[in-house]
Amino acid sequence: MKKKFYITTPIYYTNQAPHIGTAYTTVAADVLARYHRKLGEEVFFLTGTDEHGEKIAQAAEKAGKTPQEFVDKIVKSFKKAWEKLNIEYSDFIRTTDERHKKGVEKFLLKLKESGKIYQDEYRGLYCIGCEKFITKKELINGKCPDHQKEPKLISETNYFFKLNDFLPQVKKLIESDKLIIEPKERKKEVLSLLKQDLGNFSISRQNVKWGIDLPFDKEQKTYVWVEALQNYITAIGYKDDSKKFNKYWPADLHLIAKDIVKFHAIFWPALLLAIGLKLPKKIFVHGYLTINGQKMSKSLGNVVDPIYLVDKYGADTIRYFLLKEISFGQDGDFSIKRLEERYNSDLANGLGNLVSRVLTLSEKAGVILSNSEESDKEFNSEIRLVQEKYNKAMEEIKFNDALESIWQLISFCDECIEKNKPWELVENNQDKAKEVLSQLLTTIREIALLLEPFMPETSEEILKQIKQNKKTEALFPRL
Ligand code: MSP
């Protein structure tokens, strides 16, 4: 049986169109999904949109639309952006989908049955931008640091989840890596969060109109975060497709940024434990894309439009830049200047130049790459070395290391060209010219195959140019 790989992105709020920060996670997930497909695994790659809650209702009102009309329009802009960026998702879940609502109801009824829910009065500060309760300690100058807005004081009757009952178990699972949290610093951060008094967790809201009714109290809407987390199971048939659900759950990887760690690494596992479902295997937390050091965010108004970028620079350049420029897991600044520099040095001069030089010389020497080409020892061992590095980096979700290993192969080819001077060989030693150029073409094929998860269009174009059309050829066919 094929190994499965279930990977998710967060579902994005639909108060505004996507920006290059949201595209960052989605591109990263797409690269991993493509890589695992190439390994022959059965991949399910889920993304989608988080469409309920006060923040979205307010945005709709401001635009003079009903919430549903409003989100329908925004969702189109997400789908368009993902298409432009060549994101090959398996499914796109919307929290306004019937399948999601039904799944959430089933989940909440189970939670109620578990006896871990109770009603209580809530008084506290709420940040609409974060859609979460916030403590005074977290505020800077009285404002939420992420949204630069004052929270509002809320006092209402809510249903609460007995989070505390599950925290010791969550802690154990994280400590023992049964639930893996990466990078290591994030695991530490979660473990230290678990030492604090987290209090119990409110799962409903009384005065919110736009949301999913609590199945056991229609006067209350499900707290937007509680239903949002459930997209990871409602999309794969939690309500009524147990075959699909059992095939894919638990998720192999939830990819998120550091803003939503607490929800994913503490609340979500606790909720799953409460109703007896397995926990995701791994949560990988990446950093922020910043602009002049400040988080790129819709609320701060410093966002860059991914569609504009793709139209100007091409999808592959953006995909490459996002994953090469910033070490995945750390924060990193986005700048058009750096993007253009990287394009010129790595893509046009590095990769593009190599391919066009080798192709021109091969045409001149009449060399065509056949599938049975045997590499010579030196080339073979270099290719193997790079494949090992690349695979290790992909397993560890270190995209820039994986890309660096491909560029190692590019440099290796450049050195070989400098050493052998094939443009001279073509004139005075045809046999040697053929040998060298065949090796170079074989290596370029390898480069194209390794590049495919990152730069699918470029990879396909190179394979076409060297007359190797088998895009789906196994990643390392000759090992
Ligand atoms: N709707 C919630 C998530 C629910 S998941 C069950 C939410 N949405 S969001 O639209 O605010 O998106 C948050 C996610 O978008 C981050 O975790 C991250 O994956 C991505 N990013 C948004 N801005 C980003 C940056 N500036 N940099 C990196 N990632 C960014 O929270």
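The values are calculated or read from the model by the stated rules, or taken from the named source; none is laboratory data. Keep in mind it's a predicted model, so treat the numbers as computed, not measured. So basically every Cβ, Gly included, is an ideal-geometry build from the backbone, and we count neighbours across all protein chains shown. Areas reflect the complete protein model, heavy atoms only, side chains present, ligands, DNA and RNA absent. Shrake-Rupley method; radii C 1.70, N 1.55, O 1.52, S 1.80 Å.
Confirm whether Leu109 is without any contact (Cβ under 8 Å) to a residue 40 or more places away in the chain, more than 25 Å from the chain's Cα centre (by Cα) and surrounded by fewer than 19 Cβ atoms within 10 Å (Cβ to Cβ). It is false that Leu109 is without any contact (Cβ under 8 Å) to a residue 40 or more places away in the chain, more than 25 Å from the chain's Cα centre (by Cα) and surrounded by fewer than 19 Cβ atoms within 10 Å (Cβ to Cβ).
For Lys364, the conditions (1) modelled with pLDDT of 95 or more; (2) more than 16 Å from the ligand (Cβ to nearest atom) are fulfilled apart from (1). One residue alone among Gly129, Gly115, Gly199 is closer than 26 Å to Trp249 by Cβ and either of a type in the set (Gly, Ala, Ser) or crowded, with 19+ Cβ neighbours inside 10 Å (or both), and that residue is Gly115.
Out of all the residues in the stretch 64-96, which are open to solvent by less than 50 Å² (accessible area, probe 1.4 Å) and either part of a helix (DSSP H, G or I) or without any contact (Cβ under 8 Å) to a residue 24 or more places away in the chain (or both)?
In the first step, residues of the stretch 64-96 are kept if they are open to solvent by less than 50 Å² (accessible area, probe 1.4 Å); the result is 67, 70-71, 74-75, 77-78, 81-82, 85-87, 91-96.
Passing the criteria: Pro67, Phe70, Val71, Ile74, Val75, Ser77, Phe78, Ala81, Trp82.
For the stretch 300-328, filtered to residues that are charged (D, E, K, R) and either within 9 Å of the ligand (Cβ to nearest atom) or more than 22 Å from Trp407 (Cβ to Cβ) (or both), the residue that is least open to solvent (accessible area, probe 1.4 Å) is Asp305.
Cβ-Cβ distances below 7 Å connect the following pairs, each with a first residue in the stretch 1-15 that is closer than 20 Å to Gly129 by Cα, a second residue that is part of a loop (DSSP other than H, G, I, E, B), and a separation of six or more residues or different chains: Ile11/Thr95; Tyr12/Pro18; Thr14/Glu51; Asn15/Lys298. Reported count of residues in the stretch 278-299, each being closer than 26 Å to Ile128 by Cβ and either near the ligand (Cβ under 8 Å from one of its atoms) or open to solvent by less than 50 Å² (accessible area, probe 1.4 Å) (or both), is 12. Looking across the stretch 97-139, the residues that are in a strand (DSSP E or B) and of a type outside the set (A, V, I, L, M) come down to Tyr118, Gln119, Asp120, Glu121, Tyr122, Arg123, Gly124, Tyr126, Cys127, Lys132, Phe133. Does any residue of the stretch 335-342 turn out to be open to solvent by 10 Å² or more (accessible area, probe 1.4 Å), more than 15 Å from the ligand (Cβ to nearest atom) and in contact with a Phe, Trp or Tyr (Cβ under 6 Å, 6 or more places away or on another chain)? Yes, that holds for at least one residue.
Is the stretch 161-170 home to any residue that is touching a Pro at 6+ places or on another chain (Cβ under 8 Å) and touching a residue at least 40 places away in the same chain (Cβ under 8 Å)? First the steps, then the outcome.
Here is the first cut: in the stretch 161-170, the residues touching a Pro at 6+ places or on another chain (Cβ under 8 Å) are 166, 170.
Adding the requirement that they be touching a residue at least 40 places away in the same chain (Cβ under 8 Å) leaves 166, 170.
Yes, that holds for at least one residue.
Please count how many residues of the stretch 1-46 are of a type in the set (A, V, I, L, M), within 15 Å of the ligand (Cβ to nearest atom) and buried (at least 21 other Cβ atoms within 10 Å of the Cβ).
10
Apart from one condition, Pro477 fits all of (1) part of a helix (DSSP H, G or I); (2) open to solvent by 10 Å² or more (accessible area, probe 1.4 Å); (3) modelled with pLDDT under 95; the exception is (1).
Return yes when Leu403 is hydrophobic (A, V, I, L, M, F, W, C), surrounded by 14 or more Cβ atoms within 10 Å (Cβ to Cβ) and under 30 Å from Val27 (Cα atoms) and no when it is not. For Leu403, the condition - hydrophobic (A, V, I, L, M, F, W, C), surrounded by 14 or more Cβ atoms within 10 Å (Cβ to Cβ) and under 30 Å from Val27 (Cα atoms) - is met.
Within the stretch 345-370, the residues that satisfy the criterion of being open to solvent by 30 Å² or more (accessible area, probe 1.4 Å), more than 36 Å from the chain's Cα centre (by Cα) and not charged (D, E, K, R) are Thr360, Gly366, Ile368, Ser370.
Somewhere in the stretch 226-240, is a residue within 12 Å of the ligand (Cβ to nearest atom) and part of a loop (DSSP other than H, G, I, E, B)? Can you show your working first?
Keep residues of the stretch 226-240 that are within 12 Å of the ligand (Cβ to nearest atom), which gives 226-235.
Remaining after also requiring part of a loop (DSSP other than H, G, I, E, B): 230, 235.
Yes, the conditions are met somewhere in the stretch 226-240.
The set of residues in the stretch 140-155 that are surrounded by 14 or more Cβ atoms within 10 Å (Cβ to Cβ), part of a loop (DSSP other than H, G, I, E, B) and modelled with pLDDT under 90 comprises Asp146, His147, Gln148. Filtering Phe321, Phe399, Phe328 for residues that are under 30 Å from Ile180 (Cα atoms), hydrophobic (A, V, I, L, M, F, W, C) and touching a Gly at 6+ places or on another chain (Cβ under 9 Å) leaves a single hit, Phe328. Scanning the stretch 242-277 for residues that are part of a helix (DSSP H, G or I), open to solvent by 30 Å² or more (accessible area, probe 1.4 Å) and more than 15 Å from the ligand (Cβ to nearest atom) returns Ser242, Lys243, Lys244, Asn246, Lys247, Leu273.
Just the residues that are in contact with a Lys or Arg (Cβ under 7 Å, 6 or more places away or on another chain) and of a type outside the set (Ser, Thr, Tyr), please, taken from the stretch 192-213.
Leu193, Leu194, Asn200, Arg205, Val208, Gly211, Ile212, Asp213
Annotation note: of Leu440, Leu451, the sole residue that is farther than 30 Å from Ala257 by Cβ and buried (at least 21 other Cβ atoms within 10 Å of the Cβ) is Leu440. Of the conditions (1) modelled with pLDDT of 95 or more; (2) within 19 Å of Phe92 (Cα to Cα), Lys243 satisfies every one except a single condition; which number is it? Among (1) modelled with pLDDT of 95 or more; (2) within 19 Å of Phe92 (Cα to Cα), Lys243 violates only (2).
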